[in-house]
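Read the structure below first, then the notes.
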Amino acid sequence: MIRNVLGSVVALAGAAAVVLSPFRDWYDGRPGHDYRVRDLFEGITTTSSAVMVSLFLPFLVVAVLAVAGVVLRSRLVVALAGVVALGFTVLWMVRQGQATGSLTVDPDGSGLQWGVVLALGGGLLLLIGSLVMSGRRRRRGRGPDAGAGTPDYDARTAPYPTPGYQHPDTWPPTQEPGPSTQTSTYPEPEPDPYTGPEDPRRHDGP
């Protein structure tokens, strides 16, 4: 539970940083929302872009994936959001380097700026958040004690086991006490039909 909370906080912080990054300067005072998405695949140009067809669009998708992963407690979805954020940022860096010949960070504020840092940092926070989260717990069994050991298990509301029920993981198997059904294979002696007093002549010789 604590891991899910911590991971969710880290993931949401990363999603917020990613969504905010296009509204910061990325390179030489040019904000991220001024770059078209198509420029990442065709090459960086000086043409300005509308917000919804700029770098803000893929980062908005990243934020939606991150929120959905947190709500569903899905580590895979949160990690996917981080990979998408890092992928688009790295692709932009490659295209920007091809357009300018190199990527620089200058003391006067030119070159790479805080928008790129926020995008990269947000993607890393999403990956870290997915690693911290514990995700959903799966119930392994379906017997009467299948929910035992989980936070939602309540012994008072658990179904009563049927008579003679034995959990399949129990070894060695036990046998309920009861009358044995095993019968002897030896023939039983026939009863003597004579029930009166013993005749002493039966033991006398001829």
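For region 2-132, the direction-averaged projected area of the alpha-carbon convex hull comes to 7.6 nm². Near Val105, once Lys and Arg are set to +1 and Asp and Glu to -1 for all other residues with Cβ below 14 Å from its Cβ, the sum equals -4.
Since every read-out is calculated from the coordinates, none of them should be taken as a lab result. On a predicted model such as this, the values are computed, not experimentally measured, just so you know. Every residue, glycine among them, receives a Cβ derived from its backbone with ideal geometry; neighbour counts consider all protein chains shown.
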